[in-house]
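Let me begin by presenting the structure, written as structure tokens, before commenting on it.
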Amino acid sequence: MTPRKRKQIDPFEQAIEAALSPGTYISYGAASSFVDNVQDVADDIVKIMKSEPGRAALLFETFIGACHEKADEIDDSGGDFGMLVEGLFLDWIKSRKAANHDPNETAKSLLSWMEVDPYGFCHDLDRQVVKVLDKKGLEAFVGQIRAKFESAPSLDEQRYPGYTRRRWGGALKTLLAGQGDVEAYKAFCEQTEFAAKDCLAIADIYQSRRRPEEALAWVERGLAIARSGNQRSSEDHELHAMERALLAKIGRPEDALQSAWSEFEAHPSTFTYKELMRYVPVNEKKTWHQKAMEASEKGDLTSQIELWLKKKEMDRLVSRLRRATAKELEALGHSTTGPLAGKLKRDHPDVSARLYSAQCMRVINAGKSKYYDAALDNIERARKCYAKAGLNDDWRAVVADVRQRHFRKKGFMAGFEEIVTGAPRNVEPPFLERAKARWLKK
């Protein structure tokens, strides 16, 4: 009897298996390095796409399936593995296109993966595939998605009624926008409903066709829908930005400037300031800057700090911080308060004292005992700044408040009393000093 020949395994398949290390759990800390190694294999397959597209397509199919097998063995909290799989789908589409495979079969396979997606690898995949599908491929995919939408019940029995219909409807809109088929997009929205993001998509198509007046009309329609919903969204920002660009393009720079000014007045920030100055005439920059700084006095403290630091409005910033309540300062994030206190402690120690004190109080008010060392470090810095500013009465008021409200927090109060009395704190030496000390004990 003639022995059966063993099926030869493609070397790339062996590389895929080796890179994915089946049976080995990949922790969160190791995930990034692991994904980099897997990506190297994918990049090597891409290199044969031009010369052997059919082989590359089959390899990517195996790769995608293998990643689904691996999904339960990796902590992908950072999302790197999911992004890698998304890239594999795109390379698979490119390979099939290069091999002249049937676009309808490609579309059907894509849809089957999107329908059964236990690990979320295909979430919003339609937004990416629209960038790599050719005209025929896009038409085939549109047909598949449209059929899925039309067969979906308006009210299904899932946890979220109507989810299936909304899902395929959203995917279809993405594909129609990718085709640039504005009439089909509008017709589909008439069948369902127009949202602000739909108006943005339609305006974008008209803008790409160099029809700014029509694009502007759809932007204004989108803004009207957004206002009627009484909610500020990402589309709202994009619609306003597009509106200004279109106004400037069709010869209405004053209206573009007024739009930017209205948004800055409502939400002063570094972003809206930059957008405002984009439409201010060069010879009026100084005047508008001053006008903007005065308007920004009505903004929220976090945005004011970021804007005024960037524009070097230090007097304005210091004045505002001196007026701020303890509650306002304690509400600031550590990443804002710490660097700001350090920046101001030389010229404005009174302000730094309050900022350091606020950082401490935020920790002990919340009872976060594992951060007590950081809180003690901040309150010690606060004591020095109060002394430098000659605000001894203010320091004594802080001490009295802490003693009255937090005397039960023994883990904090022992170190706090050492700071108040000026006794040297028993601070653990740095790591390297402790390490070197071990040799001295030998």
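Just so it is clear, none of the values below were taken in a lab; they were calculated from the coordinates. Quick caveat: nothing in here was measured; it's all calculated off a predicted structure. All Cβ positions, even for glycine, are placed from backbone atoms using ideal geometry, and neighbour counts span all protein chains on display.
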Subject >> Inter-site label distance for Lys298 and Glu13 at 7 Å from Cα along Cβ, in nm >> reply: 6.9
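Expected output is a single nm value to one decimal: the length gained when fully extending between Asp347 and Asp134, i.e. 0.36 nm times separation in residues minus the C-alpha distance. What is it?
Full extension of this stretch gives 70.4 nm more.
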**OP:** Calculate one ³J(HN,Hα) per residue across the stretch 357-363 by plugging θ = phi - 60° into the Karplus curve 6.51 cos²θ - 1.76 cosθ + 1.60, and present them in order as whole Hz with x for glycine and proline.
**Re:** 4, 5, 4, 5, 5, 4, 6
Original post:
For Ser262 and Glu105 in one chain, what is 0.36 nm times their gap in residues minus the Cα-Cα distance, to one decimal in nm?
Top reply: 51.4 nm
Original post:
Using a Gaussian network for the chain with springs between C-alpha atoms less than 10 Å apart, which of these wobbles most: Gly411, Gly178, Gly299?
Top reply: Gly411
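Packing-wise, with mean Cβ within 10 Å as the measure, how do 8-15, 61-68, 257-264 rank, highest first? The partial results should precede the final answer.
On the way: 8-15: 12.5, 61-68: 17.6, 257-264: 19.6.
Peptide ranking by packing, descending: 257-264, 61-68, 8-15.
Give me the net charge for the shell around Arg346: Cβ to Cβ below 15 angstrom, other residues only, Lys and Arg +1, Asp and Glu -1.
Numbers: positive: Lys343, Lys345, Arg381, Lys384, Lys388; negative: Asp347, Asp350.
Net local charge, Arg346 excluded: +3.
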**OP:** Using only Cα atoms, find the angle between the long axis of helix 80-98 and the longest principal axis of the chain, and express it within 0 to 90 degrees, rounded to the nearest 10.
**Re:** 30
Original post:
Working out 0.36 nm times the residue gap between Gln191 and Thr24, then minus their Cα-Cα distance, what length gain in nm do you get to one decimal?
Top reply: 55.1 nm
**OP:** Taking H placed 1.01 Å from N in the peptide plane, check which residues at least 5 places from Gly162 or on another chain put their amide H under 5 Å from its amide H.
**Re:** Asp156
Original post:
Using helices alone, what [θ] at 222 nm do you get for the chain, with -39,500 (n - 2.57) per DSSP H run of 4 or more residues, divided over all residues and rounded to the nearest 500?
Top reply: -23000 deg cm²/dmol
**OP:** Along Cα→Cβ, 7 Å out, is where each label goes; now give me the distance between the ones at Arg408 and Glu306 in nm to one decimal.
**Re:** 3.8
Original post:
For the modelled label position 7 Å from the Cα of Ser32 along Cα-to-Cβ, which residues of the stretch 46-75 have backbone nitrogen atoms closer than 19 Å?
Top reply: 74-75
Original post:
In degrees from 0 to 90, rounded to the nearest 10, what is the angle of the helix 212-228 Cα long axis to the longest principal axis of the chain?
Top reply: 60
Original post:
Quick one: net charge of Lys136's neighbours, Cβ under 13 Å, K/R +1, D/E -1?
Top reply: -1
Original post:
Long-range amide H contacts for Ile74: which residues qualify at under 5 Å (H placed 1.01 Å from N, peptide plane, sequence gap of 5 or more or a different chain)?
Top reply: Ile26
